[in-house]
Amino acid sequence: MLQSPVPLHIPDGFLTPLVSAIGWILALTMIAIALRQTRNQLGERQIPMMGVLAAFIFAAQAINFPIAAGTSGHLLGGALAAIIMGPWAATLIMTAVIAIQSLLFQDGGLLVMGWNILNMGVFTAFTGYVVYRFTKSLLGRNPVALIAGGFVAAWLSVEVGAIATAFELAASGTSPLSLALPAMAGVHALIGLGEGVITSAALSLLQVSRPQALEMGETAPGRRGAIFVVTAMALSIIVALFSPLASAHPDGLEFVAEQQGFLTIAADAPYSILPDYTIPFIGNPAVTTILAVLVGTLVVFGLALLLGRLTTRRQTTGD
Amino acid sequence: MHHTIDVKNLHYTYPDGQVALRGVDLYIAPGEKVALVGPNGAGKSTLLLHLNGILRGDGEVQVCGRPINDKTLGAVRAAVGLVFQDPDDQLFSPSVFDDVAFGPLYMGLDEGSIQQRVEQSLDAVGMRGVERRVPHHLSGGEKKRVAIATVLAMEPEILVLDEPTAGLDPRTRRGLINLLRELPQTMLVSTHDMGLVAESFLRTIVINEGRVVADGPTQKLLADDALLESHGLEAP
Amino acid sequence: MHISFLDPFQARDSLVHRLDPRVKAVLTLLYVLAVSLTPQGAWAAFAAFLALVLTAAWAAKLGWSYSLRRSFIALPFMLAALAVPFVTPGPAIYEVPVLGWTVSEPGFVRFVTILLRAWLAVQAAILLTATTPFTDLLWSLRNLRIPQALVAMLGFMYRYLFVLADEALRMNRARAARSPRIVGAPRPPIGWQARVAGSMVGSLFLRALERSERVYAAMASRGYDGEVRALVRFQMLGLDWIVLLGVSLSLVAILTLTLVI
């Protein structure tokens with residue numbers, strides 16, 4: 001059957017509405033940029049090409065190989081798509097894949113789709129792309145660089161997606177970070193091996209039979225901006241690691257807000273009947289906290305993109 | 001009435017360096033139905049893609065008396081209905097209705113006429129009532145018919161078909177041959193199906209290695225064993 | 001063998017099938033939101049939401065248990081919440097023998113709540129796709145202000161999903177046909193098998209890329225100019241408004257009652 005290969009598709013209910021909303025805002029921002037960038041990259045071909053390649057990723061996930069005891073390895077595909085087509089095109093392709101999996105096959109929730117798109121699409125695409133290009137620039141243009149770069153990029157991309165998922169679960173109080181992080185990272189360190197081998201084998205087939213196909217990624221938009229997006233991701237993870245989220249307490253973002261003393265008023269509010277539950281009406285201090293977190297994240301992202309653009313411009317004018 | 005195709009000294013080289021057309025000349029008169037035959041890789045599909053400006057090689061291509069350029073491109077694409085070999089490429093919309101309506105929609109027709117065109121063209125190919133179906137759920141023969149309907153909906157003056165009978169079972173093939181015979185448009189059909197050529201087309205053009213190597217009455221060409229042999233063809 | 005059986009749409013003639021797809025899409029989203037906002041341990045509210053989704057399945061002539069039977073797809077993810085009953089502080093209600101781990105009462109409530117939310121949300125989504133042809137769903141997304149280009153991409157993906165998945169399955173079968181299992185002979189190493197799978201993925205990509213070029217040519221042949229265009233399909237009728245208001249009011253009512261009582 002064509003089921004999700006990697007248990008990264010978060011269903012509805014596992015993330016709080018607040019965490020879900022943050023995911024949607026970030027995802028929509030990235031999708032909007034991706035739509036513009038791939039339009040520049042591909043012109044009129046954009047829509048049919050992105051659509052058909054999204055169908056390819058979906059179908060490629062059906063190509064499996066047996067590992068052991070009835071389980072089998074498959075592809076997630078974000079890193080492969082990014083290496084071939086560039087990170088923004090891969091963002092769109094994976095968005096379509098995740099949307100269809102959720103809408104058509106209920107593989108991954110609707111409210112939480114923002115994070116699913118980020119985890120399996122944006123994060124894997126950008127990590128994969130940056131790591132691949134970095135490895136290639138270290139090892140030079142040769143078949144070994146291609147295989148090693150593809151393997152490391154794909155393996156790391158799955159790791160990053162899994163780590164991000166662990167943080168989201170922790171922020172929602174669904175699982176304490178101290179358990180979710182090692183569990184997710186550990187399982188996907190194994191799953192990522194399959195991703196790595198398949199990705200590098202697919203790349204070396206392309207290198208042999210159609211090297212022009214690999215040139216798209218070399219000239220795709222976002223090749224300089226990507227490094228800033230990845231830096232922003234890494235910074236966010238580090239910040240989150242040192243936040244109170246990383247405690248063993250499983251109450252997530254709301255608990256963190258409470259610990260910081262923001263929820264004391266909310267606890268007395270008439271609409272808060274159960275002690276740790278509030279409806280996020282405007283004016284609620286909890287919302288203010290969350291908004292602050294949100295704005296902070298967006299500012300970091302915005303800055304990264306701006307920096308990326310500025311340096312790109314400087315480099316192109318400097319050429 | 002000037003539903004003509006006029007190609008003069010057409011050359012085309014693919015971006016990867018592969019030379020596909022080396023000076024093609026052909027003229028098709030209004031209302032004529034012509035077969036285009038030749039071995040695999042002869043340049044048939046490449047030639048067809050020039051007839052509505054998808055590819056633009058060196059040389060002259062005039063359709064309905066107009067040269068193809070950026071200005072006439074829209075009109076040329078409405079005048080020449082190109083039916084691709086694989087109906088899965090041709091039928092790219094999520095439903096049959098959307099697909100047949102695609103051409104008329106991009107011609108800027110209003111909703112009433114689009115609806116009407118969809119019905120008429122599905123009628124013409126004997127496929128009324130499948131509007132809501134997903135193209136993937138159609139059989140091979142049904143897909144071919146709907147693919148033809150998608151271009152008929154644009155009311156083209158010229159039909160260009162690439163391998164219309166490939167992969168069809170005998171009965172479906174027969175139905176399709178009858179359909180082609182009934183359609184009134186000027187027609188250029190590329191095919192390996194020599195039976196189809198013999199019974200449906202008075203004139204045949206043989207193309208090989210990017211050149212027209214023979215052009216004349218089908219009966220005469222099919223009787224020329226030396227010609228057929230040297231270009232990898234076979235009489236039915 | 002075609003994989004078209006994966007298409008989840010169930011053709012029936014029912015009130016739910018006839019509804020404007022926008023109404024169904026919006027109500028599904030509201031339902032998922034309401035379920036996610038329902039406090040932990042509000043069992044009565046969850047029962048009411050379950051009743052709502054079962055009623056909808058019945059009204060859609062799918063049989064009341066239709067979504068129920070298909071709703072276990074989210075279960076494997078349950079693992080992700082498995083730690084909650086053990087790590088949430090509170091009075092212990094159960095101790096795992098030998099290991100000595102204790103399940104706390106609030107932890108148990110939280111765990112069951114998470115599963116209930118996921119289970120109910122999945123059922124609503126199942127009903128949406130079972131009663132709405134995907135093209136109508138796409139149309140409603142476009143109408144609900146999702147970027148046109150993205151919706152158009154989803155349309156292409158949906159169309160070629162089946163074509164490419166068929167190709168992938170044919171490749172899988174061709175590989176299986178040449179993979180004899182001889183008793184006693186060693187199996188090829190996993191790394192080798194993964195490389196074979198990778199080569200298959202690579203050639204599938206080339207086929208997809210070539211297909212996308214042909215599809216673009218077919219579109220351009222029929223006048224495509226890069227702009228997305230679509231026809232108006234549905235008008236909101238009286239019944240659509242009644243259902244939209246009725247169901248959203250009952251969602252709000254269930255939620256409010258739960259929070260007030």
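The values are calculated or read from the model by the stated rules, or taken from the named source; none is laboratory data. Owing to the predicted nature of the structure, the values given are computational and were not obtained by experimental measurement. Using ideal geometry, Cβ is built from the backbone for each residue, glycine included, and neighbour counts are taken over all protein chains shown. Please note that ligands, DNA and RNA were not included when accessible areas were found on the heavy atoms of the full protein model with its side chains. Shrake-Rupley method; radii C 1.70, N 1.55, O 1.52, S 1.80 Å.
Per-structure values
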| quantity | calculated |
| --- | --- |
| Qualifying positions in segment A:17-40 - facing chain C (nearest Cβ under 7 Å) and either farther than 17 Å from residue A:122 by Cα or surrounded by fewer than 16 Cβ atoms within 10 Å (Cβ to Cβ) (or both) | A:17 |
| Residue in segment C:179-195 that is most open to solvent (accessible area, probe 1.4 Å), counting only those that are among the hydrophobic types (A, V, I, L, M, F, W, C) and out of contact with any strand residue (DSSP E or B) (no Cβ under 7 Å at 6 or more places or on another chain) | C:183 |
| Failed item, numbered, when residue B:90 is tested on (1) within 16 Å of residue B:149 (Cβ to Cβ); (2) open to solvent by 10 Å² or more (accessible area, probe 1.4 Å); (3) among the polar types (S, T, N, Q) | (2) |
| Per-region count, segment B:155-178, residues open to solvent by 10 Å² or more (accessible area, probe 1.4 Å), over 30 Å from residue C:11 (Cα atoms) and among the aliphatic types (A, V, I, L, M) | 1 |
| Total residues in segment C:24-49, condition assigned to a helix (DSSP H, G or I) and at the interface with chain A (Cβ under 8 Å from one of its Cβ atoms) | 7 |
| Selection status of residue A:238, within 28 Å of residue A:36 (Cα to Cα), open to solvent by 10 Å² or more (accessible area, probe 1.4 Å) and either at pLDDT 85 or above or β-branched (Val, Ile, Thr) (or both) | no |
| Residue under evaluation residue C:221, criteria (1) touching a residue at least 60 places away in the same chain (Cβ under 8 Å); (2) open to solvent by less than 40 Å² (accessible area, probe 1.4 Å), criterion not met | (1) |
| Boolean, residue C:62 is more than 8 Å from chain A (Cβ to nearest Cβ), assigned to a loop (DSSP other than H, G, I, E, B) and in contact with a helix residue (DSSP H, G or I) (Cβ under 8 Å, 6 or more places away or on another chain) | yes |
| Which numbered condition residue C:17 misses (of (1) farther than 28 Å from residue A:17 by Cα; (2) of a type outside the set (Gly, Ala, Ser); (3) within 10 Å of chain A (Cβ to nearest Cβ); (4) assigned to a helix (DSSP H, G or I)) | (3) |
| Some residue of segment C:226-234 being more than 28 Å from the chain's Cα centre (by Cα) and free of Cβ contacts under 8 Å to residues at least 40 places away in the same chain | yes |
| Set C:118, C:57: member being in a helix (DSSP H, G or I) and closer than 24 Å to residue C:235 by Cα | C:57 |
| Scope segment C:67-111; condition open to solvent by less than 50 Å² (accessible area, probe 1.4 Å), away from chain A (no Cβ under 12 Å) and modelled with pLDDT of 75 or more; matching residues | C:68, C:96, C:103 |
| Meets criteria (of a type in the set (S, T, N, Q) and either touching an Asp or Glu at 6+ places or on another chain (Cβ under 8 Å) or facing another protein chain (nearest Cβ under 9 Å) (or both)) for residue C:131 | no |
| Among residues of segment A:164-182, those that are among the acidic types (Asp, Glu) and not in a helix (DSSP H, G or I), counted | 0 |
| Count of segment B:18-46 residues which are in contact (Cβ under 8 Å) with a residue 40 or more places away in the chain, outside any loop (DSSP other than H, G, I, E, B) and more than 14 Å from every other protein chain (Cβ to nearest Cβ) | 15 |
| Among (1) buried (at least 22 other Cβ atoms within 10 Å of the Cβ); (2) closer than 27 Å to residue A:49 by Cβ - the single one residue B:138 does not satisfy | (1) |
| Some residue of segment C:183-197 being closer than 22 Å to residue A:84 by Cβ, without any contact (Cβ under 8 Å) to a residue 40 or more places away in the chain, of a type outside the set (S, T, N, Q) and out of contact with any Lys or Arg (no Cβ under 9 Å at 6 or more places or on another chain) | yes |
| Selection status of residue C:26, under 28 Å from residue C:115 (Cβ atoms), surrounded by fewer than 17 Cβ atoms within 10 Å (Cβ to Cβ) and not small (Gly, Ala, Ser) | yes |
| Number of positions in segment C:143-174 that are more than 7 Å from every other protein chain (Cβ to nearest Cβ) and either surrounded by fewer than 20 Cβ atoms within 10 Å (Cβ to Cβ) or free of Cβ contacts under 8 Å to residues at least 12 places away in the same chain (or both) | 9 |
